[in-house]
Amino acid sequence: MTDKLLDVSAAKALLAGDSADVTLIQVTSEAAYAQAHLPGAVLVTPAELVSGEPPATGKLPPLTRLQQLFQRLGHTRAKHYLVVDDEGGGWAGRFIWTLDIIGHHRWSYLDGGMHAWHAAGEPFSAEPVEPAPLDRPPQLDLDYTPLAKYDEIMARLGEEGLVIWDVRSFEEYTGARPAAARSGHIPGAVHLDWESLKDPTRDMRLVSNLGELLGRHGITADKEIITHCQTHHRSGLSYLVGRLLGFPRIRAYHGSWSEWGNRDDTPIEQ
């Protein structure tokens, strides 16, 4: 985990290094970025990471939009992305999942993001940073390995060795809080709320017993894990956690509950 999960001092050392290929990415709203961002951080908005097409608005954007995003970021195969957000890893994890989708694995996550940076007494900036864009869209080496789709999950429900990890709230999981046409959870899905993965008493850094916590829920490295939430935002964090723990078969269902719960042909438990 050490090269992927950085504390503030390690993040500062990375940014202060000799490499010109390190890009600091802050995944927040435009308003939050304008108010405060890490010095040198480039803005990526959540809207750039999702298709926005209902009902499953959180699905992966089409290739042309991914190319536009990475053209704006001046993407190269040599670039190393250091990623932060303002919520403890949801949107940062979603961007990192997107990097994995384009076959780019040179990334790190600042543990705790902006909260940890502030707690360490480090400064923020209000001056926008614009990277040098590419003069043409990059050729992206798309790798859909970390992406799970509805039809595959339907065909494999109940399969031994496959764990569906639902990171929504308990009320959403049980169906007590509807967020789609139909409420409940995918049959057999394991529930572990994304909020349980981060520690608000430690500036939103990841909890110290991640492996033990996941293990108590049957989420282990020897299993194939498919994680989801409502729109694959919160499950950005659970995907990131799996990657940091070295899980070899961690994927995300990008349609998430907004797709599953809005279809009329999906089995549901409550």
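Each value in this text was obtained by applying a stated rule to the coordinates, not by laboratory testing. Bear in mind the structure is a predicted one, so any value in this text is a computation, not a measurement. Methodologically, a virtual Cβ is constructed for each residue, glycine included, from the backbone with ideal geometry; neighbour enumeration extends over all protein chains shown.
For the reader, a short list of remarks on this structure follows.
- Of all DSSP beta bridges confined to the chain, the antiparallel ones make up roughly 15%.
- Local net charge near residue 51, Cβ-Cβ under 10 Å (Lys/Arg +1, Asp/Glu -1): +1
- From phi via Karplus (6.51, -1.76, 1.60), per-residue ³J(HN,Hα) for the range 194-209 in Hz, x at Gly/Pro: 4, 5, 6, 8, 10, 10, x, 7, 10, 6, 6, 6, 5, 4, 6, 10
- Cβ crowding within 10 Å averaged over residues, with 232-238, 47-53 ranked highest first: 232-238, 47-53
- Estimated FRET transfer efficiency (residue 245, residue 136; beta-carbon r; R0 45 Å; 0.05): 0.75
- Which of 149, 79, 198 has the fewest Cβ neighbours within 10 Å, and the rest in rising order: 149, 79, 198
- 109, 173 arranged by Cβ crowding within 10 Å, fewest neighbours leading: 173, 109
- Evaluated with a Cβ-only charge set (Lys, Arg +1; Asp, Glu -1), the chain carries a dipole of roughly 240 debye about its Cα centre, given to the nearest 20.
- Sequentially through the range 35-44, phi angles give Karplus couplings (6.51, -1.76, 1.60; θ = phi - 60°) of 6, 6, 8, 4, x, x, 6, 9, 7, 10 Hz, Gly and Pro residues having no value and appearing as x.
- The range 150-225-the range 61-82 distance, computed between alpha-carbon centres (Å): 29 Å
- Of all DSSP-defined beta bridges confined to the range 117-270, some 20% are antiparallel rather than parallel.
- Mean separation of Cα contacts under 8 Å, 6 or more apart, over the residue count of the chain: relative contact order %: 23 percent
- Added length on full extension, which subtracts the Cα-Cα distance from 0.36 nm per residue, residue 35 to residue 16: 4.5 nm
- Here the gap between residue 127 and residue 221, fully extended at 0.36 nm per residue and compared with their Cα-Cα distance, gives a gain of 29.6 nm.
- Its DSSP H runs of at least 4 residues, each contributing -39,500 (n - 2.57), put the calculated 222 nm mean residue ellipticity of the chain at -7500 deg cm²/dmol, to the nearest 500.
- For residue 22, residues with placed amide H under 5 Å, excluding near neighbours: 80
- Put in line by how crowded their Cβ is, counting other Cβ atoms within 10 Å and starting with the fewest, 59, 4 read 4, 59.
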